[in-house]
Amino acid sequence: MAKERADAARNRARVLAAAEDLFAAKDARQVTMDEIARAAGVGRATLYRRYPDPSSVAAALLDEHERVLQEQLMGGPPPLGPGAPPAERLAAFYTAMTGLLERHLHLVLGAETGDARFRTGAYGFWRLHVLTLLRDAAVPGPEGLVEVLLAPLAPEIYQEQRRRGLSPHQITASLTWLSRLLDIRKANDRGHCQ
């Protein structure tokens with residue numbers, strides 16, 4: 001891979017910093033490329049050379065935050081990382097995702113809404129993680145349940161819950177309760193086997 005030129009790296013940093021401010025100041029879905037270019041002090045051609053639309057700028061900002069969480073899921077300490085029972089890992093994942101949404105909702109709304117959400121690499125990673133947990137918990141037909149368990153993490157849903165006055169703690173508590181269903185199912189299976 002070619003090394004990024006110093007001026008290109010400076011422009012990228014300026015674009016991302018300006019976009020972060022714009023996305024935080026108003027609904028990220030309403031930010032235009034012209035606004036980003038103006039705020040960054042770069043030409044439109046410079047901006048479009050790297051990013052085709054505002055959602056790709058938001059995705060670039062969000063990517064680093066999601067990458068940190070992905071690393072924790074793969075190799076961090078339990079219960080977020082490997083080594084804990086599936087229900088505990090799912091609860092830890094929900095807690096981490098709620099935290100990510102709370103801190104970076106403006107970016108997620110700019111990059112991962114509607115159908116675009118399902119096409120991101122991050123969604124594919126989250127989906128595989130939850131699917132693996134369901135399989136580890138021996139849930140029958142996990143493919144039919146994985147999107148159901150990821151649906152509460154859609155940015156529009158999280159935004160609506162916050163708008164209705166739910167705190168991040170309340171949202172996390174509800175999702176933790178949902179994750180416990182994996183333990184209940186395993187307990188019921190053990191009861192039937194006796």
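The values are calculated or read from the model by the stated rules, or taken from the named source; none is laboratory data. Note that the structure is a prediction, hence the values are computed from the model and not measured. Here the Cβ is made from the backbone with ideal geometry for all residues, glycine too, and neighbour counts use every protein chain on show. We work out accessible area using only protein heavy atoms, side chains counted, and drop any ligands, DNA or RNA first. Shrake-Rupley method; radii C 1.70, N 1.55, O 1.52, S 1.80 Å.
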Using amide H atoms built 1.01 Å from N in the peptide plane, name the residues 5+ places from Arg180, or on other chains, whose amide H lies under 5 Å from its own.
-> none
GluC sites (Glu not before Pro) in region 1-103 lying in a DSSP loop, each with at most 13 other Cβ atoms within 10 Å of its Cβ, come to Glu4
Suppose R0 equals 41 Å; then what is the FRET efficiency for Ala138 and Asp27 from their Cβ-Cβ distance, rounded to the nearest 0.05?
-> 0.45
In the chain the accessible area split gives carbon plus sulfur, as whole percent at 1.4 Å, a share of 56 percent
Expressed in angstrom and ordered largest first, the alpha-carbon extents of region 59-186 along the principal axes are 38, 29, 28
Quick tally, 1.4 Å probe accessible area for Ser174, Ser179, Ser56, sorted with the most first, runs Ser174, Ser56, Ser179
Ordering Lys26, Lys3 by how much accessible area each has at a 1.4 Å probe, largest first, what is the list?
-> Lys3, Lys26
On the first, second and third principal axes, largest extent first, how far apart are the outermost C-alpha atoms of region 76-121 in Å?
-> 34, 21, 16
Would you mind computing, in nm to one decimal, how far apart the modelled labels at Ala17 and Glu160 are, each placed 7 Å from Cα along Cα→Cβ?
-> 3.8 nm
What nm distance separates the two modelled labels at Arg67 and Asp53, each placed 7 Å from Cα along Cα→Cβ?
-> 2.4 nm
Dipole in debye (nearest 20) - the chain, about Cα centre, beta carbon charges: Lys, Arg +1; Asp, Glu -1 | 220 debye
Before anything else, pin down the relative contact order of the chain: Cα pairs under 8 Å, at least 6 apart, normalised by residue count, whole percent.
-> 21 percent
Normalised per residue, the volume of the convex hull around the Cα set of region 92-164 (Å³) = 92 Å³
Paired Rg and Dmax values of region 6-105, which use every Cα atom, in angstrom | 16.9, 51
